[in-house]
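In what follows, a structure is listed as structure tokens, so that the remarks can point back to it.
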Amino acid sequence: MSQPFRQILPGSAIGVLGSGQLGRMFAIAARRMGYRVHTLSPESDTPTGQVADVEITASYDDLDAVRRFARGVSAVTFEFENVPAATAQAAAEFAPVRPDGSVLHTTQNRLREKSFLAAHGLPVVPFRRVQSLGDLHTGLEALGCPSVLKTAGYGYDGKGQIKIASPQQAAQAFGSIAGQDFILESFVDFRCELSVVAARGLDGQIVHWDVLENSHRNHILDISVAPARIEASVNREAVEIAFAVLEKLNVVGVLCVEFFLTQSGQLLINELAPRPHNSGHLTFDACVTSQFEQQLRTVCGLPLGSTQLLRPAAMANLLGCLWQEGEPDWAAACAFPDVKLHLYGKLAPKRGRKMGHLTALAENPQDASQKVRLARAALVRGRSVALPLEEV
């Protein structure tokens, strides 16, 4: 007979490996419930550190510092998947790490991730391993063109990938990306991009939020809308696949499954993120329990909260380009009474850097999407700032 797990109760300290905006929103949720938060990363005065109780500045490769960090908390989680697996293993010597380091190991490498999914019969974009130019030519023969060449590890927001339109571009593409191990994927002619954010507790219970409809700009998430405007059958299938992923990976925590919905109506898994996800930020304002509070509940072995969507919602990312002609007009966005402003406390805006987001609530997803776009456009009204065409 299995032993019951020990719940970690309010008043305890929870450690976060990583210190960006995901850790910041996790810390806000945790402190609201009476927990203390410690964060470790190579940076100081970070988005997470600004609201955490303790901020430790150390390299992830400094395993002695990681062990000291883990000794001071009751459990450890992470806020992005590029923390080295050895770091999670060192922390696990002194505190439970949730999700487990094995989940981190699988999902931080595109080749391992796709191979795991394919081995378990889950629908993925067709792919091939590439270690040489010869492998690339062989892969292009099998998958056809266009295809996308990606570094196997440590990539996000379109970094470390290039589209190959014809075999003649293979050599140039192979030489343009730094790395030793690559994955070649078929280019998908998709109808839309979707994501399912779900959470799995220590007892195996799984809950999910509404399927999210996402649009990207320059490979970076631009707008997320809930609920997604898709057929009920596609909705059910996306949730079923997400549940299977969490169970097969034995996740304890929050995980996002990103999908392509093809023109023919097929769902293909694009990527996994074993932590709260950018597309799920709207749950902070629009749901009974946010993805960040749910992450805390899973880490601490607490019962999972309701994921009910209180009102249709849309989220718009705020990137550094909004600052290119000075401070955005925050009062203009706040003049929309159903729009919420979230800023991450990052010290310097840079083009492509996620500085914050807006969430709009409305009676239906179409109105929410329009409202959040209008609020974001109001931030720079009258300035020559490069925004998506429909917002200018």
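Read-outs: derived from the displayed coordinates by stated rules, not from any lab. Bear in mind the structure is a predicted one, so any value in this text is a computation, not a measurement. Every residue, glycine among them, receives a Cβ derived from its backbone with ideal geometry; neighbour counts consider all protein chains shown.
What to note about this one:
- For the chain, size of Cβ-based charge dipole, Lys and Arg +1, Asp and Glu -1, in debye: 380
- Projecting the Cα atoms of N278, G201, W330 onto the charge dipole of the chain, computed from C-beta unit charges around the Cα centre, puts W330 farthest toward the positive end.
- The chain - share of DSSP beta bridges that are antiparallel (%, nearest 5): 80
- Membrane-span-like helices in the chain, defined purely by DSSP H runs whose alpha carbon atoms cover 18 Å or more axially and whose average Kyte-Doolittle hydropathy reaches 0.0, are 232-249.
- Segment D61-Q370, length gained on full extension (0.36 nm per residue, minus Cα span): 106.8 nm
- Around the amide H of S12, modelled in the peptide plane, lie the amide H atoms of R36, all under 5 Å away and 5 or more residues distant in sequence or on another chain.
- Value at 222 nm in deg cm²/dmol, rounded to 500, when DSSP H runs of n ≥ 4 in the chain each add -39,500 (n - 2.57): -8500 deg cm²/dmol
- Options A30, N82, P47, ranked by Cα towards positive dipole end of segment 13-97, top entry (Cβ charges): A30
- Rounded is the label for the chain, because a/c, from the alpha-carbon gyration tensor with a ≥ b ≥ c as root eigenvalues, stays below 1.5.
- Above-threshold pairs, the threshold being 30 Å between Cα atoms, out of K248/K371; K163/K354; K248/K350; K163/K371; K248/K340: K248/K371; K248/K350; K163/K371; K248/K340
- Segment 43-109, dipole about Cα centre (Lys/Arg Cβ +1, Asp/Glu Cβ -1), debye to the nearest 20: 280
- Mean separation of Cα contacts under 8 Å (6+ apart) over length of the chain, as relative contact order %: 14
- Distance between modelled label sites at S306 and Q266, nm, 7 Å Cα→Cβ extension: 4.0
- Anisotropy class of segment 181-233 from Cα gyration tensor, a/c 1.5 cut: oblate
- Taking a ≥ b ≥ c as the square roots of the eigenvalues of the Cα gyration tensor, segment 225-344 is classed as prolate, since a/c reaches at least 1.5 and a/b is larger than b/c.
- Per-residue ³J(HN,Hα) for segment 352-363, Karplus 6.51 cos²θ - 1.76 cosθ + 1.60, θ = phi - 60°, Hz, x for Gly and Pro: x, 7, 7, 9, x, 7, 10, 10, 10, 10, 7, 7
- Lys/Arg +1, Asp/Glu -1 at C-beta; the chain dipole; positive extreme among A313, C192, L133: A313
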